[in-house]
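Report on the structure given below.
The numbers here are math on the coordinates, done by the rules we state, and not lab data. Nothing here was measured: the structure is a model prediction, and the numbers come from that model. Backbone-built Cβ (ideal geometry, glycine too); neighbour counts: all protein chains shown.
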Ligand SMILES: NC(=O)c1ccc[n+]([C@@H]2O[C@H](COP(=O)([O-])OP(=O)(O)OC[C@H]3O[C@@H](n4cnc5c(N)ncnc54)[C@H](OP(=O)(O)O)[C@@H]3O)[C@@H](O)[C@H]2O)c1
């Protein structure tokens, strides 16, 4: 991608204070990129800056706040070329269908879908400017492979990531003429504060540094799809080939097991 320039290439990374985003920020900074790091937790961003004083620029903000994103958009325009935007900020809340809560679904959609969409609006003019000065520019959107199968309690999270993926696919088509590729990142389980809260088995879970290495490599090779770990995404692809009634039965059994486990606790 952007490796052989005299000036370090610049990455805007949201969700840089924790988990996969923090690991990505460290990896890009270590490789000599300038990282504009966004998240709400300013202390965590300042700590990251202390690790790589010359490479990290904290740009704190809440991606669900119109005012914050408008302010971020203005700051991004003042940064010069941005060759890569990784919109990674996200959240997960599980729905208990016995106490259906539309507010919960709204919160997850707001952060994962609208937060990301607002960030696209903020960074797109800068990516266009970067392209028009002859440099490459790429947009990467953090989805998930979780929505490829109807896992129990995942209504909000899966719907948000499915929406984000189809949003990104159309955006990829529309931006193709401008030569701004859109990468969709679809991890399986990664060990982070987000998944540390999960109380169910997480097959093939990998650590955040490994996830960051895979993502970084995929982006540097110009991949439009980055899905991993292969054993997990391969299994999900197999499940997706099952006839719908069979897949529904497996999903309902998983959900029943979860509910029975909850009622024992
Ligand atoms: N871990 C997994 O197994 C896994 C699998 C597939 C996809 N993902 C996706 O990967 C991304 C990162 O997840 P993670 O596992 O690394 O979780 P994490 O450790 O909880 O990190 C989430 C990051 O998003 C930021 N964030 C959340 N809400 C925000 C908001 N309103 N404004 C700005 N920043 C916000 C958080 O920063 P602040 O709290 O400081 O704002 C934090 O830096 C998410 O999109 C998640 O859906 C994770």
Given the convex hull over the Cα atoms of region 14-113, what projected area results after averaging over all orientations, in nm²?
7.0 nm²
In nm, give the distance between the simple-model label positions of residue 244 and residue 198, each being 7 Å from the Cα along the Cα-to-Cβ direction.
2.7 nm
With N denoting the number of residues in region 150-225, provide Rg(C-alpha) divided by 2.2 N^0.38 Å, to two decimal places.
1.29
quick shape note, the chain: Cα extents on principal axes in Å, largest first -> 58, 37, 31
Listed residues 115, 222, 234; largest mean-square fluctuation, Gaussian network over the chain with Cα springs below 10 Å, found at 234
Show me the ranking of peptides 73-85, 93-105, 143-155 by mean Cβ neighbours inside 10 Å, starting with the highest.
143-155, 73-85, 93-105
5 Å-binned pair-distance histogram of region 133-265 (Cα, whole percent)
2, 9, 16, 20, 20, 14, 9, 5, 3, 1, 1, 0, 0
Can you give me the P(r) profile for region 42-92? Cα pairs, bins 5 angstrom wide beginning at 0, each as a whole percent.
4, 17, 21, 28, 23, 6, 1
Return the ratio Rg/(2.2 N^0.38 Å) for region 194-256, where Rg is computed over Cα atoms only.
1.41
Calculate, for residue 177 and residue 79, the FRET efficiency according to 1/(1 + (r/R0)^6) with r their C-beta to C-beta distance and R0 25 Å; round to the nearest 0.05.
0.50
Using the alpha carbon gyration tensor of region 63-220, what are the three equivalent-ellipsoid semi-axes (square root of 5 times each eigenvalue), largest first, in whole Å?
29, 18, 14
Rank-order 28-41, 119-132 by packing density, defined as the average count of other C-beta atoms within 10 Å over each peptide's residues, highest first.
28-41, 119-132
